[in-house]
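The values are calculated or read from the model by the stated rules, or taken from the named source; none is laboratory data. Just so we're clear, the structure is a prediction, and the values are computed from it rather than from any experiment. Every residue, glycine as well, gets a Cβ built from its backbone with ideal geometry; the counts of neighbours run over all protein chains shown. For accessibility, only protein heavy atoms count, side chains too; no ligands or nucleic acids. Shrake-Rupley method; radii C 1.70, N 1.55, O 1.52, S 1.80 Å.
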Protein chains: 2
Amino acid sequence: MADQAGAAPRFYLDDLQVGQRFTSGEYRIDEERMKAFAAEFDPQPFHLDDEAARSTVFQGLAASGWFTAAVAMRLLVQGGFKVANGLVGLGGEITWPRPTRAGDVLRVESEIVEIVPSRSKPTQGIVTMRNTTLNQNDEVAQIFTCKILVFRRPA
Amino acid sequence: MADQAGAAPRFYLDDLQVGQRFTSGEYRIDEERMKAFAAEFDPQPFHLDDEAARSTVFQGLAASGWFTAAVAMRLLVQGGFKVANGLVGLGGEITWPRPTRAGDVLRVESEIVEIVPSRSKPTQGIVTMRNTTLNQNDEVAQIFTCKILVFRRPA
């Protein structure tokens, strides 16, 4: 398969090893975009209105965790970890240790933690990645440990 | 706390028990909205273009898993499971057994699977819910088993 981007290499299962790390670019959280996302998908007062959010556990306007997740995906897709068949996630474990706030600048640091070749399908395997989303103060906003489907290099 | 909506009751920890079930309303997946979400947060060919998607593991245009997750959250928030302090998720495990397609009509069926009162904070507890997102053919598009923070009824 040709390298469509002409820039970062596109990985096959053969190219990956446990311990490899990748860092994404950055994404600044715009308050209006963050609120619009919440209005559409997670319309709760603490995601929509700073005044209403102050008396909640968030103690101020907080992004929906799904907005943080969506932004983290964008950072991953645009980052340096390019898989030949695309980033196809089967699922994973997600936690939000602290809320994302308007004005935060997020980045994702990824590490390959496990590689399991398929027994039944010799052309593919499952790669487990731990993707840590950090803000500008290096505080962890999200950890998403996911399993992705990766193919071997065609013979 | 007053019932702000005046309709569905708002639950405290005291009101919940393992085995309680809730079903959301429905949400029809609009192809343009699904593609626009992908263009913003998960810009990969199989989420953007039906032709390009045919030769991938998805075998046709598929929603980003994060779009499915966002829609499921909307269904949850608008559904009958209203928590007094709002739906505050700490994290959980998410899987996408099959892709969501344009035109699918999704709903979420939720079940409380565990309730753990906090030892250190007597006014709150952690409720584990299994939220299964199904399409119009009762096929499972997503399972999100999450931990949410729920407060006791004020004395």
- Note on the structure: Those residues of region A:36-58 which are in contact with a Ser or Thr (Cβ under 9 Å, 6 or more places away or on another chain), open to solvent by 60 Å² or more (accessible area, probe 1.4 Å) and hydrophobic (A, V, I, L, M, F, W, C) amount to none
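Going by the conditions given, is A:Gly79 over 22 Å from B:Arg74 (Cβ atoms) and at pLDDT 95 or above? So that I can check it myself, show each step before the final result.
Numbers: over 22 Å from B:Arg74 (Cβ atoms): yes; at pLDDT 95 or above: no.
So A:Gly79 does not fit the description; no.
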- B:Leu149: passes all of (1) in a loop (DSSP other than H, G, I, E, B); (2) at negative phi; (3) within 11 Å of chain A (Cβ to nearest Cβ) but (1)
- Message: Return the residues of region A:69-81 that are crowded, with 19+ Cβ neighbours inside 10 Å and closer than 17 Å to B:Phe46 by Cα; say none if nothing qualifies.
- Response: A:Ala70, A:Met73, A:Arg74, A:Leu76, A:Val77
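In this structure, does B:Ile115 turn out to be within 25 Å of B:Phe22 (Cβ to Cβ), in contact with a Gly (Cβ under 7 Å, 6 or more places away or on another chain), more than 9 Å from chain A (Cβ to nearest Cβ) and modelled with pLDDT of 95 or more? Before you say what the answer is, go through the steps one by one.
Values: within 25 Å of B:Phe22 (Cβ to Cβ): yes; in contact with a Gly (Cβ under 7 Å, 6 or more places away or on another chain): yes; more than 9 Å from chain A (Cβ to nearest Cβ): yes; modelled with pLDDT of 95 or more: yes.
Against the criterion (within 25 Å of B:Phe22 (Cβ to Cβ), in contact with a Gly (Cβ under 7 Å, 6 or more places away or on another chain), more than 9 Å from chain A (Cβ to nearest Cβ) and modelled with pLDDT of 95 or more), B:Ile115 qualifies.
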- Item | Candidates A:Thr100, A:Thr133 - the one that is open to solvent by less than 10 Å² (accessible area, probe 1.4 Å) and part of a loop (DSSP other than H, G, I, E, B) | A:Thr100
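Going through region B:19-34 one residue at a time, which ones are in contact (Cβ under 8 Å) with a residue 40 or more places away in the chain and open to solvent by 10 Å² or more (accessible area, probe 1.4 Å)?
Pass one, region B:19-34, residues in contact (Cβ under 8 Å) with a residue 40 or more places away in the chain: B:19-31, B:34.
Across region B:19-34, the qualifying residues are B:Gly19, B:Gln20, B:Arg21, B:Phe22, B:Thr23, B:Ser24, B:Gly25, B:Glu26, B:Tyr27, B:Arg28, B:Asp30, B:Glu31.
Return yes or no: is B:Gly92 surrounded by fewer than 19 Cβ atoms within 10 Å (Cβ to Cβ) and at pLDDT 95 or above? Let's see the steps before the verdict.
On the way: surrounded by fewer than 19 Cβ atoms within 10 Å (Cβ to Cβ): no; at pLDDT 95 or above: yes.
Judged against the criteria, B:Gly92 is not a match.
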- Message: Show the residue pairs meeting these rules: Cβ distance below 6 Å; 6+ apart or different chains; first residue within region B:91-106 and at the interface with chain A (Cβ under 7 Å from one of its Cβ atoms); second residue assigned to a loop (DSSP other than H, G, I, E, B).
- Response: B:Gly91/A:Trp96
- State all residues of region A:110-130 that are of a type in the set (D, E, K, R) and surrounded by 14 or more Cβ atoms within 10 Å (Cβ to Cβ); if no residue qualifies, say none. A:Glu111, A:Arg130
- Within region B:47-90, residues being part of a loop (DSSP other than H, G, I, E, B), touching a residue at least 40 places away in the same chain (Cβ under 8 Å) and facing chain A (nearest Cβ under 9 Å) number 4
- Any idea which of (1) open to solvent by 40 Å² or more (accessible area, probe 1.4 Å); (2) closer than 25 Å to B:Gly89 by Cα is the one A:Ile148 doesn't satisfy? (1)
- Kindly indicate whether any position in region A:23-46 is away from every other protein chain (no Cβ under 12 Å), within 18 Å of the chain's Cα centre (by Cα) and in a strand (DSSP E or B). yes
